[in-house]
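Visitor: Dropping the structure in here first, questions after.
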Amino acid sequence: MVSNATAGLTCPSPMKPTSNGIFQGDDPLQFSLPLAILQICLVVVVTRGLAFILKPLRQPRVIAEIIGGILLGPSALGRSKSYMQAIFPPKSLPVLDTLANLGLLFFLFLAGLELDPKSLRQTGKRALGIALAGISLPFALGIGSSYVLKETISKGVNGTAFLVFMGVALSITAFPVLARILAELKLLTTDVGRMAMSAAAVNDVAAWILLALAIALSGTGKSSLVPLWVFLSGCVFVVCAILIVPPIFKWIAQRCHEGEPVKETYICATLAAVLAAGFVTDAIGIHAMFGAFVIGVLIPKDGPFADSLVEKVEDLVSGLFLPLYFVSSGLKTNIATIQGLQSWGLLVLVIFTACFGKIFGTLLVTLLCKTPLREALTLGFLMNTKGLVELIVLNIGKDRKVLNDQTFAIMVLMALFTTFITTPIVMAIYKPEKRKRMADYKNRTIERKNPNTQLRILICYHSARNIPSIINLLEASRGSEKREGLSVYALHLMELSERSSAIIMVHKARKNGLPFWNKSQQSDANHVVVAFEAFRQLSHVSIRSMKAISSMPGMHDDICNTAESNRAALIILPFHKHQRVDGSLETTRSDFRLVNRKVLEHARCSVGILVDRGLGGTTQVAASNVSYFIMVPFFGGCDDREALAYGVRMAEHPGIRLTVIRFIVEPESMGEIVRVNIEAASSKLRSSDEEFLAEFKQNMAKDDSIKYEEKLVRNAADTIAVLSELRRCNLFLVGRRPECEAALDLGRSDDCSELGPVGVLLTSPDFSTTASVLIVQQYKSGASPNLTLQMEDESPDKDSESN
């Protein structure tokens, strides 16, 4: 029988690994290594290009990877036989599939690291009910739809395995994809987001169990007892792993200390254990990925060991090897097999069944739990998200001959459609801007009628580099004991990426909706928390550490919303440049600059940008040792008044001396200075400035630490000369939008226009100073803050935020 079946077939000769080069007549595409390199490069370029194109639609990267795989396969480019023979010849597919499955194995190890068994035990009854409803109803409907498919396009398949595979495929919720969608839509820390995350985690574990059952049932053994042996052997493996693995890795984790690199021996031993577990589960007859996933789940999540594993593995696996799995899947997907009214009707049936089962099942339970209809409907669509696990189920079904080409293509399109519609529908149903705003509050600026009321500051940072200067600045901001005190919110800004470590961060969201510090974070995070806690105890300042995890385009929303919810009067942002050893300023990341500019535009309180040149040195200065000289150049306008109000508060500290220089343009030289036609508002502006300065002079008469001077200047050169005399101060406090002609020509730079003319001058390489600079913009209700700020990139939700 075998010889008759294969008599007319010619097996392709195996490919050699490397060529001798084109100069010796070898075609590199006929050798496995150069061809695999070309395939990987092509896949990365296509998938990353599609991800960039779909980014404005807020689609997760898995959508781009699925579409990229389909485009590279027989559904699009693969229609060209010459392309397929050159890039994806049949004899290269074993190498491609091996690399893809190796990447999948390590990726699912990372997925196991993302899943914390302790959090599953703490899942509430409502989330558990939602998860069970979101699994059981779609599973039942999947079995029902499988009967229709069996009678039409899937005749002759293994009936029992086909039923289970269809049920599992329709009941899956992609936990990593869901987490990124929630974070992208700013729903991660809402009630809906927390419920979706909890239910999806339970759903994820249940899906793996059902998939193991489906694989066991899909075996080709003659005996009906084989699936039972496979399943029982898998259970024995899990039990043995639970008994053996945690103690070993707990011993390793205890020998990995914060701030010290993890030994290479431990990393290599862990990766070898992952491969060994994959070998065992593959030998059992389940799949190698199950062993890797189980090892990842059982590794302790506390301490730096788990973080170090993720850091070592994720970029190579997620960036290069995992996209190959999507191409491997795309090469099996031929949309052209969906032909005729019947096939397209079955596609619609499968999509409707998948959506109805997930959405209706989730909606029913959430409404019984007295959840509002909008939130219940949103939760239903979120639980309908598919992703990589869905493709794994379908590919295993295809490899085991449970799904034929047409059924496989229908199921892949179903997964693509259900995930693609999640983001736009959730945005339409449960828009973040529709969430209830906090009640309005009065003190949105430092300048206020009663300066003794509590000052609330939201201070942001990207890394531990600026922490000493930040704490020294907060020490200077305490004010006197007669005031109600200082309340500080320290917000660590972290970018949400497609990396597995981002999902680990996503897990750590507090029940009150604000991210929190956890001892399993990296060592610099621990040092920051210790520094803030020490400052809180020594200074008696209320300080709370938080973390914002979001994508760069939406990071300004998190900053503004956090300031709003905590009733902050001032947001302090780090400048996008840091000081080098030679004293010059070097760009950290240009993305941070855009975040600062958007905060200046959208914030509903005052905003400051701190250009850090080492205020107080590289360490925290004790309160008794503080000795700062602070300089406030006053040109006029609301921002200068805000800067001066902040300086007055700082001057109450016994170790701080404050000098205020008011710049006045000589009347006879007005013609030499560039004029701005603000005559209509100038009288009112001067009146506000004069009233503020009159009160300031009256109060400073009792304070020897404050010095006030007035300087007559004719042009920008005179102003620069005056400022240069005071460049030896420790801190410049300046307004971003000075309302004086003498300041407009001080510094003009499109690169740093968010600093204003005075800030540009003080941070330019031509102005020699070691002083830090804090540029302040005062919040004005109902007025646009962007008199000099021209946004290069408009935010899509600009109109809603600026109201």
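The values are calculated or read from the model by the stated rules, or taken from the named source; none is laboratory data. Quick caveat: nothing in here was measured; it's all calculated off a predicted structure. Glycine gets a Cβ as well: all are built from the backbone with ideal geometry, and neighbour counts include every protein chain shown. Quick note on the areas: whole protein, heavy atoms, side chains included, nothing else; ligands and nucleic acids left out. Shrake-Rupley method; radii C 1.70, N 1.55, O 1.52, S 1.80 Å.
Visitor: Which trypsin sites (Lys or Arg not before Pro) does segment 547-603 hold that lie in a coil by DSSP with at most 12 other beta carbons within 10 Å?
Guide: When the trypsin sites (Lys or Arg not before Pro) of segment 547-603 are filtered for loop state and at most 12 Cβ neighbours within 10 Å, ARG580 remain.
Visitor: List the residues of segment 258-285 whose backbone N lies under 13 Å from a point placed 7 Å from the Cα of LYS312 along the Cα-to-Cβ direction.
Guide: Within reach of a label on LYS312: 261-275.
Visitor: I'd like to know which of LEU364, ALA306, LEU271 lies farthest towards the positive end of the charge dipole of segment 267-380, counting +1 on Cβ of Lys and Arg and -1 on Cβ of Asp and Glu.
Guide: It is LEU364, whose Cα lies furthest towards the positive end.
Visitor: Where in segment 588-616 does the amide nitrogen come within less than 20 Å of the point 7 Å from the Cα of LYS55, taken along Cα to Cβ?
Guide: 588-599
Visitor: Next up: Note the full-extension length gain between LEU232 and GLN454 as 0.36 nm times their separation in residues minus their Cα-Cα distance, in nm to one decimal.
Guide: Length gained between LEU232 and GLN454: 73.5 nm.
Visitor: Next question. Could you tell me how far the Cα centroid of segment 148-182 sits from the Cα centroid of segment 80-104, in Å?
Guide: Each part's Cα centre sits 25 Å from the other's.
Visitor: Mean shadow of segment 68-207, computed from the convex hull of its alpha carbons, in nm²?
Guide: 11.7
Visitor: With each pseudo-label sitting 7 Å past Cα toward Cβ, what's the VAL45-LYS118 distance in nm, one decimal?
Guide: 4.7
Visitor: More than 15 angstrom separation, counting every C-alpha pair in segment 287-338; what % is that?
Guide: 66
Visitor: Need one number: nm distance between label points at ILE429 and LEU93, each 7 Å from Cα along Cα→Cβ, rounded to one decimal.
Guide: For the pair ILE429/LEU93, the computed spacing is 3.9 nm.
Visitor: Work out, in µm²/s and without decimals, the Stokes-Einstein translational diffusion coefficient of segment 15-137 at 37 °C, 0.692 mPa s, Rh from Kirkwood over C-alpha pairs.
Guide: Taking Rh from Cα pairs, D becomes 183 µm²/s.
Visitor: Moving on. To the nearest 20 debye, what is the magnitude of the charge dipole of segment 90-197 about its Cα centre, counting +1 on the Cβ of each Lys and Arg and -1 on the Cβ of each Asp and Glu?
Guide: My answer is approximately 200 debye.
Visitor: Report the label-to-label distance for THR587 and ARG255 in nanometres (one decimal), using points 7 Å from each Cα along the Cα→Cβ vector.
Guide: 4.6
Visitor: Now, a different point. Could you give the distance between the Cα centres of segment 534-585 and segment 344-369, to the whole Å?
Guide: 43
Visitor: Between rounded, prolate and oblate, where does segment 133-251 land on the alpha carbon gyration tensor, with a ≥ b ≥ c its root eigenvalues, rounded for a/c under 1.5, else prolate if a/b exceeds b/c?
Guide: oblate
Visitor: Note the full-extension length gain between LYS780 and ALA86 as 0.36 nm times their separation in residues minus their Cα-Cα distance, in nm to one decimal.
Guide: Using 0.36 nm per residue and subtracting the Cα-Cα distance, I get 243.4 nm.
Visitor: Computing the accessible area with a 1.4 Å probe over protein heavy atoms, can you report the carbon and sulfur percentage for segment 285-351?
Guide: Values: 1470 of 2190 Å².
In segment 285-351, the share of accessible area belonging to carbon and sulfur is 67 percent.
Visitor: With r as the distance between the Cβ atoms of GLN342 and ALA622 and R0 = 60 Å, compute the FRET efficiency 1/(1 + (r/R0)^6) and round to 0.05.
Guide: 0.15
Visitor: Shifting gears a bit: Evaluate Rg over Rh across segment 237-311, taking Cα atoms for both radii and Kirkwood's formula for Rh.
Guide: Result: Rg/Rh = 0.99.
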